[in-house]
Every structure is written in structure tokens, then in C-alpha cells.
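Below: one structure, written as C-alpha cells.
The values are calculated or read from the model by the stated rules, or taken from the named source; none is laboratory data. Note that the structure is a prediction, hence the values are computed from the model and not measured. FYI the Cβ positions are ideal-geometry reconstructions off the backbone, even for glycines, and counts take in every protein chain you see. Areas reflect the complete protein model, heavy atoms only, side chains present, ligands, DNA and RNA absent. Shrake-Rupley method; radii C 1.70, N 1.55, O 1.52, S 1.80 Å.
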Amino acid sequence: MEEILRIEGLTKIFPGVKALDNVSLDLKKEEVHGIVGPNGSGKTTFLKIINGIYPDYDGRIFIDGREVKIKNPRMAEKVGITLVNQIPLLFPNLTVAENIFLGREPTRKVLFFKVIDNEKMKNETLKILEKFGSKIQVDTKVKDLTVSAQQLVEIARAFARDAKIICLDEPTSALSPSEVEHLFDQIRKLKEEGKSFFYVTHRIEEIFQICDRVTVLRDGKKIATVNVSEVTYDDIVKMMVGEERLKITFERKEVAQRFGEPILKVVNLSTSPQEASRRSLTNITLEVYPGEIVGITGIVGAGKTELARALAGLDPTVKGEIYVKGKKIKRISPLKMISEGVIYFPEDIMREGLFPQMRMYENITISILDRLKKLFFIDEKKEKEVAKKWAETLGIKPPNINVIVQNLSGGNKKKVILARGLATSPVLFILDEPTMGIDVKAKFEVRKIIADLAKQGIAVILFSSEFEDVLLLADRILVMYSGRIVGSFEKGKATKEEIMKYAIGMVN
């Protein structure tokens, strides 16, 4: 196969972190080249370098045999490279159509002037989205879309550009199974048209569905590049983590005993969301006891995030009652729930959870600054001691609490949010998709942290679209469909197949 891109000795150093260390690889024409590795292995950094987001690097990049120095995203686009970001970088106050065609809007002549042809732009956007099986309204503002819908818009925007190399960074982390299949169909079609892809994913099974070759990175170094047809799932996992897969398989064996008063009691909760993209909830009733993990699952769009946000006080309720430790919460709000010891871990941690430009220790302690005052000032020494304690407890890497949070890997960013919650001494954790977008080893670590929370007597509501999460961790599994709880299983009494029947509405 003809080589379209070659990388030689790519190296990138951030303060205190060597993100890439002398990485060399190539991309063939009409190839899907997978890139896998543990969180922090350099996958996203690699994509950002060849897309001009990180222009300061060592090494050489060749496109069609000619050396190029990619200094910015516009230059990357000029040489035929585009990127689908792991976290959508869209303009929230622009519509779906405006985001997809930003910078290359179709125009028409009015008298002597060129104006944007909005009707044509909407029609073209509709055609693009239909290829992905999406029914997103093209004139909806992006800020009103769900995380999964935003991810589809990000993908559609990249696919609509005339690029010969398309870089996909965890494109399916927020998509439903049917949306994933539509995406794969489009990748196969564009391959036949001569396009090439770099495909970064933590879902190793996808490597076997869509990739021709795969490169494994670990600690910023290239471990191997192999033909997908010549390796197994376990071969790839072993290269990724440097140990046998059995050592990173986690299952919680304990079963919580339900007695006394529940930490959280919800009775006939219903909502009527202000945003058209959000699903309303109908008559949600549930209880969570100390040390219990209640897993709430369902496919994308079932209402999981809406329920998590309602319980955290972020979205208003129109009916129902919420009790925390037996006390009825009359005016539910985020501050009220935090004061009651209820901590929320959002699905979109970059937009709703972290302060990316702030340091790790500042992100961990921001919810307890009132406890760290010395006279009228924050005791910085004490603040750093608290942050260091939780960073070490959760194994955040690098352990340097002064590192800027946006420079951490996805798995370690999630640990920072967990550390912040633990610092508040919570009674209940509401976790929305805590393992989304992270690799097998990071999943093991996060699952173990969740199990340890329960062991300490903290109640946990685990919202996850990954059935494996709830099967491995939960004492009870509740399945949501169309804004309602439609199924309930005790630990050990459910299979993926049974959960799926409820999740897609086969059983109601």
C-alpha cells in the first residue's frame, strides 16, 4: 500500500511530563490505523501534533514523501489533515449547521454582494447527518444538544471537510451502538474513496471491527505496530499494560446489606426539561443505602444523565420528593445537595467538572476552601497537604499536584474529580459515566475506587451506559428507557442480554 504519512522520532515534553518519546510510525493510503494505549500514553498528544495544535515538538513529519512542519490547525487542514476531538470543540451559541460549515459557508449573490446561503447550508447539513442515522435538528444551537449529539456534530464537521487524513480521537465514547455502526459505515465508504484514518480508541474490540493496523503506545513510547489480523484482544491488552489481562480484571465481590434509613430516597420524581435536547423523567422512585452501589444503566438517550442532574439539583423537578438521610429536601439546588453530602460527578467533566487551566491541587480543594482558611486567607500549605493526600490515595499520575489539569490524561482527570468529592467527606456519590473514554487499566483503577467508596460506607449511584460497569460493581441494577425505570435486578441476577432487552424497550 502507498504511504501517505510518515512520522520519525516524534517527541513532545510538557512541564514535568514526557508525553511522547521518539515515536515513529506511518499511515498508508486507504488505511484505518488504530492507536491504543493506557491513559497518559501519548495518543491524544500525537494527534494534536499532526493537527498543529501543539506546534512545539521534536521529530519529522512527511506527507506524500515531503517533509512538513505543521505550525497550526489551518496549516494541517491545508496539507489535508483534520481532527475529530475527543471532547467536542464546538461553538455553543451557533447552530448545528453553522458549526459544520464554519469558515466555508455556501454563498449566493444578492445584487452585487455575496451572502451566506442559509437554506443550502441547512440542506447540506441534513444530508451529512442522515449518513450517520442522526435526526438532530440542523438549526438547534449546539449548547442545547446532549453530549452524544455534540459528538456526532463534531464527527460530521470533520467528515464534511475535504481532508485526505482524518484523525478520530475516541469518537464513539458517547455514541449509541446504532450511531457507532453508522460511523463505521462512513469510515468504510470514505476508505474506498481514498481517505486514510488514524483511529484512537480505548475500546479494543473496535480495533478488530474497523482497523487494518494498530500501534500500541505506553508511557509515551511506541511498543509495537502490528497487523490487526495477526493479533488477539489479549495480545493488545498485554502490550498496553505490560501485564496479563487477568491482573487488571476487577469485580466487586461484596454485597451491601440494606438496613436502617436510606441515604437517598426518591419518590415519584418527574421533570419537564427546559432544553429540547433533554429527556423528561416520569415517576422515578428509588432508594440507596449506606455502602450500597446502585447501578443505573440504559442506552444513550434513556434519561440517565437527566436523572443524575436532577438528583444533584442541577435540573428542576416538577413532581416528586427527595429525602437525604430521612430529611425532605424542599428547595433542591447544587449547593443544598453538596451541603447534605451529595457529590455529583458529571458526564462532561471538562465543561462541567474541571477548571482546566488551574493546577491539580486547586481543582481538588475548590469545594472545601472554607475549611482551609487561616484568618482571612487560604492556608496554601494545608491546601496542598489535603490535595497531596487524595492524589496519593487515588494514584493520580503524575503525582505532581502543581501540574495544570488540562495536561493530565483522561483517566487522571476523572480521578481529580473523585478526589475533590472525597475531600468533602460525602455520604453519597452520583457518578455519571465515570469510565467513559478511558482504557482498560484506568477502568480497573476507577472501578476499584468506586468499590472502595462503598466499603467505606459511602452510598453510590453509578450511571453507566457500559453494562459491564454495573454488572461488575452494582448491588442493584436499574434499567432506564425513555425517561422511566423499566427494570430492576439484584446482584448476580442479570446478564448483558437481559439488560439490553429492557434498555431497548423490548420489555416494559
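Structural remarks
- Test for LYS143: is it basic (Lys, Arg), within 21 Å of the chain's Cα centre (by Cα) and closer than 30 Å to LYS43 by Cα: yes
- Looking only at the stretch 156-170, and only at residues there that are part of a helix (DSSP H, G or I) and open to solvent by less than 10 Å² (accessible area, probe 1.4 Å), the one that is nearest to ILE4 (Cα to Cα): ALA158
Conditions tested, residue by residue: (1) within 20 Å of LYS413 (Cβ to Cβ); (2) of a type in the set (Gly, Ala, Ser); (3) at pLDDT 90 or above.
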{"site": "ILE299", "(1), (2), (3)": "no, no, no"}
{"site": "LEU307", "(1), (2), (3)": "no, no, yes"}
{"site": "ALA312", "(1), (2), (3)": "yes, yes, yes"}
{"site": "LYS328", "(1), (2), (3)": "no, no, yes"}
{"site": "GLY341", "(1), (2), (3)": "no, yes, yes"}
{"site": "PHE345", "(1), (2), (3)": "yes, no, no"}
{"site": "MET350", "(1), (2), (3)": "yes, no, no"}
{"site": "LYS374", "(1), (2), (3)": "no, no, no"}
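- Residue list for the stretch 190-222, restricted to those being open to solvent by 30 Å² or more (accessible area, probe 1.4 Å), outside any loop (DSSP other than H, G, I, E, B), touching a strand residue (DSSP E or B) at 6+ places or on another chain (Cβ under 6 Å) and at pLDDT 95 or above: ARG213, LYS222
- Scope the stretch 223-240; condition β-branched (Val, Ile, Thr) and either part of a helix (DSSP H, G or I) or open to solvent by less than 10 Å² (accessible area, probe 1.4 Å) (or both); matching residues: VAL228, ILE236, VAL237
- Condition met for PHE345 (free of Cβ contacts under 8 Å to residues at least 60 places away in the same chain and under 17 Å from the mean Cα position of the chain (by Cα)): no
- Any hit, the stretch 314-336, residues being in the same structural domain as SER465 (by TED's automatic domain parsing), assigned to a loop (DSSP other than H, G, I, E, B) and under 23 Å from the mean Cα position of the chain (by Cα): yes
- In the stretch 486-506, the residues that are open to solvent by 60 Å² or more (accessible area, probe 1.4 Å) form Cβ pairs under 8 Å with partners that are of a type in the set (D, E, K, R) and part of a loop (DSSP other than H, G, I, E, B), at six or more places apart or across chains, as follows: GLU490/ASP475.
- The sole residue among GLU251, GLU261 that is of a type outside the set (Gly, Ala, Ser), closer than 30 Å to ILE299 by Cβ and not in a strand (DSSP E or B) is GLU251.
- Scanning the stretch 171-184 for residues that are in a loop (DSSP other than H, G, I, E, B), modelled with pLDDT of 80 or more and not polar (S, T, N, Q) yields PRO171, LEU175.
- In the set PHE463, PHE444, PHE467, only one residue is of a type in the set (Phe, Trp, Tyr), touching a helix residue (DSSP H, G or I) at 6+ places or on another chain (Cβ under 6 Å), open to solvent by less than 30 Å² (accessible area, probe 1.4 Å) and at pLDDT below 90; that residue is PHE467.
- Output for the stretch 474-494, where each listed residue is in a strand (DSSP E or B) and of a type outside the set (Gly, Ala, Ser): ARG476, ILE477, LEU478, VAL479, MET480, TYR481, ARG484, ILE485, VAL486, PHE489, GLU490
- Set GLU433, GLU445: member being closer than 20 Å to GLY298 by Cβ and of a type in the set (Asp, Glu): GLU433
- Within the stretch 49-67, being more than 16 Å from ALA163 (Cα to Cα) and either crowded, with 17+ Cβ neighbours inside 10 Å or touching a Cys at 6+ places or on another chain (Cβ under 9 Å) (or both) holds for ILE49, ILE53, TYR54, TYR57, ILE61.
- Looking only at residues in the stretch 391-441 that are crowded, with 21+ Cβ neighbours inside 10 Å and among the polar types (S, T, N, Q), the one that is farthest from PHE250 (Cα to Cα) is SER409.
- LEU335 surrounded by fewer than 16 Cβ atoms within 10 Å (Cβ to Cβ), within 27 Å of GLY457 (Cβ to Cβ) and in contact (Cβ under 8 Å) with a residue 12 or more places away in the chain: yes
- Looking across SER178, SER173, one residue alone is outside the structural domain of THR297 (by TED's automatic domain parsing) and open to solvent by less than 20 Å² (accessible area, probe 1.4 Å). It is SER173.
- Number of residues in the stretch 156-167 that are within 26 Å of ALA302 (Cα to Cα) and hydrophobic (A, V, I, L, M, F, W, C) equals 1.
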